[in-house]
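A short write-up of the structure that comes next.
The values are calculated or read from the model by the stated rules, or taken from the named source; none is laboratory data. Since the structure is predicted, the reported quantities are computational estimates derived from the model, not experimental observations. Reconstructed Cβ throughout: ideal geometry from the backbone, glycine too, with neighbour counts over all protein chains shown.
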């Protein structure tokens, strides 16, 4: 019962330690994922800040929804030079690059992005993040931008610099020229007759349209209804068709920001190393506690065995004094009785019946003397002289000694020795095996089977078992069989197993009885040291 309680307690402690380790390991995984998520979110926030900054720049620089490419390139290059971003690209409604700064973006070359939604692409050393301007990700609260910003070169932003003694820009290609009303697209427009000053009118405050003029005035120099509603109108010098084409080709709908990930990867590596160190020390701690618990348990078991051996030794010392006096007072009269019975048995003058009585007296005297010798042997303190013992030789010697009993009952006795040498007192080990094998011979029926097995239980310890296929020990007597003078054999003295247990405890071993399957008994001796 004590071993069952210890096993349950040990199992509970080991299960608890394993659970603690699993909790710590899972905690480190969750914390590492949190750090990774925080580091990546930091990059995402940086990309949003860059997008917001570019949005503010474009809102502050544009006029009538148009911004100079040169000014925008200057702002983009400034962000690149400040190491805020690695590359920046502005995309139109078709996902084509309208303006960019920095090296070519790998994600755009691979066609990774899906236009119309925010997206991110993690490369080996960089991250590309797309933010959609149309959705207002970079627009301040209270400001509504219904049309994207158009990016055009400076010469197209100022198409009338040739007037009023200003240097005339060279004519633009037909596909890039703006037209006047009634002039086909691609034909150089005539200078507006009413505008000959610099800067162009769109850099000044737009004229106010009176309510009565609304819907009747078609002059392009006047703002339309969309402007009064807060929407940027198209420039007055281009047609609606050209404006829609520019919105599709040059309008900025999304911004792609490429940021380096060296800092994020360094943070992740440091945190991963920290989690590894914490997990390693947690593992070492759990293993250490488990080993300490096991060592404490073994130490407590050894201490209990030593206490039991000490108590038993004290009792034996007291019994030894009484046994010595009893042997001295009893053996001499027994010897006299035996001698007189022998004389009567050999006297031919006596009838045969008297001789038989004398023979029975001799047998009883011998039986009493044998019991007395066993009692003296049991009460004698054990002095263990351990040495390296070859188990197979001891087993064969004991079987030869009991060969007459084995042959008489036609018993099959075999040995299986997997551990050739152990540490023990050879003479006392021989006595243990003699008592156990003799007990099995007396228990089995004619033609029974006895097995002596020596096998390792660990790297340093072995187990010795004596098995038989006899009736076994009744369950109610399982705890009583090792007590002195308890026996289920009518001819037994009840001291054989008690002497075996005494010798086993003196060696620091343990002995227990286990039912054999399907029938029989197993006497198992454990904690035998292997040499």
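Structure notes:
- Residue match in region 272-279 (condition: modelled with pLDDT of 85 or more and either surrounded by fewer than 11 Cβ atoms within 10 Å (Cβ to Cβ) or out of contact with any helix residue (DSSP H, G or I) (no Cβ under 9 Å at 6 or more places or on another chain) (or both)): yes
- Test: residue 54 is assigned by TED's automatic domain parsing to the domain that holds residue 120, in contact (Cβ under 8 Å) with a residue 24 or more places away in the chain and touching a strand residue (DSSP E or B) at 6+ places or on another chain (Cβ under 7 Å): yes
- Flag for residue 125 being modelled with pLDDT under 85 and within 22 Å of residue 264 (Cα to Cα): yes
Condition check ((1) at pLDDT 80 or above; (2) touching a helix residue (DSSP H, G or I) at 6+ places or on another chain (Cβ under 8 Å); (3) over 30 Å from residue 500 (Cβ atoms)) across all residues:
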{"position": "325", "(1), (2), (3)": "no, no, no"}
{"position": "341", "(1), (2), (3)": "yes, yes, yes"}
{"position": "348", "(1), (2), (3)": "yes, no, yes"}
{"position": "353", "(1), (2), (3)": "yes, no, yes"}
{"position": "362", "(1), (2), (3)": "yes, yes, no"}
{"position": "366", "(1), (2), (3)": "no, yes, no"}
{"position": "377", "(1), (2), (3)": "no, yes, no"}
{"position": "381", "(1), (2), (3)": "no, yes, no"}
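- Any hit, region 397-406, residues being farther than 17 Å from residue 505 by Cβ, touching a strand residue (DSSP E or B) at 6+ places or on another chain (Cβ under 7 Å), outside any loop (DSSP other than H, G, I, E, B) and touching a residue at least 12 places away in the same chain (Cβ under 8 Å): yes
- Residue within region 298-305 that is in contact with a strand residue (DSSP E or B) (Cβ under 8 Å, 6 or more places away or on another chain) and outside the structural domain of residue 525 (by TED's automatic domain parsing) present: yes
- Some residue of region 34-53 being touching a helix residue (DSSP H, G or I) at 6+ places or on another chain (Cβ under 7 Å), surrounded by 15 or more Cβ atoms within 10 Å (Cβ to Cβ) and closer than 28 Å to residue 298 by Cα: no
- For region 407-425, a residue qualifies if it is surrounded by fewer than 17 Cβ atoms within 10 Å (Cβ to Cβ) and not in a strand (DSSP E or B), and the qualifying residues are 407, 408, 409, 410, 418, 420.
- Annotation: residue 438 fulfils all but one of (1) over 49 Å from the mean Cα position of the chain (by Cα); (2) farther than 16 Å from residue 471 by Cα; the unmet one is (2).
- Tally, over region 77-91, of residues that are surrounded by fewer than 22 Cβ atoms within 10 Å (Cβ to Cβ) and over 17 Å from residue 123 (Cβ atoms): 8
Yes/no matrix, rows are residues, columns are (1) at pLDDT below 90; (2) over 15 Å from residue 129 (Cβ atoms):
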site	(1), (2)
2	yes, yes
6	yes, yes
12	yes, yes
20	no, yes
32	no, yes
40	yes, no
50	yes, no
62	yes, yes
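- Selected residue [in a helix (DSSP H, G or I) and at pLDDT 85 or above] from 314, 283, 330: 283
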